[in-house]
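Notes follow the structure.
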Amino acid sequence: MEKKPDLKSMSFQARLQYIWEYYKLHIGAVLIGAVLIVSVIHQVATYREPVLTVIMVNCNDPYNADDSGFSEYLAAAGYDPEKDSVNLQASLQFSDSQLAVSYQDAEVLGAMIASGETDLLFGTGDLIPAYAEQGAFLDLSSVVPAETLAAYEGHLLYAADEATGASYPCAVELTGNSWLTRNNYYDTCYFGILNSAPHAEAVRTFTAFLLNE
């Protein structure tokens, strides 16, 4: 039987070396666990519910697009850009030449919309019209003043109400919008408000900010 060393007879440095040699795996596990716990506590303590959740599909630069462009809106709407945030998903891409990638992104997009936590959707091509046919978007006239909508006449996308059959403006095509181009999000795109948008007041103020640019 291996005789255990007498720790009392060892020097302080020898004790540390012995403990590290025989218990380094246990010590490492404890340290990693402590770091993870502190990290989780920090994330919970500093988490802030985003003011808006926005999806941008096929934006100009999906690899570098971030929410910094929304700081201007946050300040204009009376939020604190240092404390309040916008949750932006801008990496989704739909391309006929990359069907596998597009299929995966389509699943991600569908899941995010179905979650009921997304407020606004920007996109190009047939994406927005396809979702409009499915009744995914809010009636813009319930959020946007009539005079503002009138300024976009000819650039509005309409959908039919399932119950009444009446058509309503559900999205708007934006070309050369100064905020979008200034932040290199899009040159031209469609914009719509999802029916399940959870942040009604921020949706209203952001839409006013965007359409008056």
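Taken together, the values in this text are just the output of simple stated rules run on the coordinates, not laboratory data. Quick caveat: nothing in here was measured; it's all calculated off a predicted structure. Methodologically, a virtual Cβ is constructed for each residue, glycine included, from the backbone with ideal geometry; neighbour enumeration extends over all protein chains shown.
Can you give the relative contact order of the stretch 52-211 as a percent, counting alpha carbon pairs under 8 Å and 6+ residues apart? Can you show the working numbers first?
Values: 253 pairs, mean separation 44.3, N = 160.
Reported as a whole number, the value is 28 percent.
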Margin query: What does the extension gain come out to for residue 147 and residue 71, with contour length at 0.36 nm per residue minus their alpha carbon separation?
Written below: 24.7 nm
Check: Hey, quick one: spin label on residue 163, modelled 7 Å out along Cα-Cβ, who in the stretch 115-144 has an amide N within reach, i.e. under 14 Å?
Finding: 139
Notebook entry, point to check: Taking the Cα centre of the stretch 52-211 as the origin, how large is its charge dipole in debye, to the nearest 20, when only Lys and Arg (+1) and Asp and Glu (-1) carry charge on their Cβ atoms?
Noted result: 120
Margin query: Please compute the modelled spin-label separation between residue 117 and residue 201, points set 7 Å along Cα→Cβ, answer in nm with one decimal.
Written below: 2.2
Margin query: I'd like the Karplus ³J(HN,Hα) series for the stretch 194-207: coefficients 6.51, -1.76, 1.60, θ = phi - 60°, whole numbers in Hz, and an x wherever there's a Gly or Pro.
Written below: 6, 4, 8, 3, x, 10, 4, 5, 5, 4, 5, 5, 5, 4
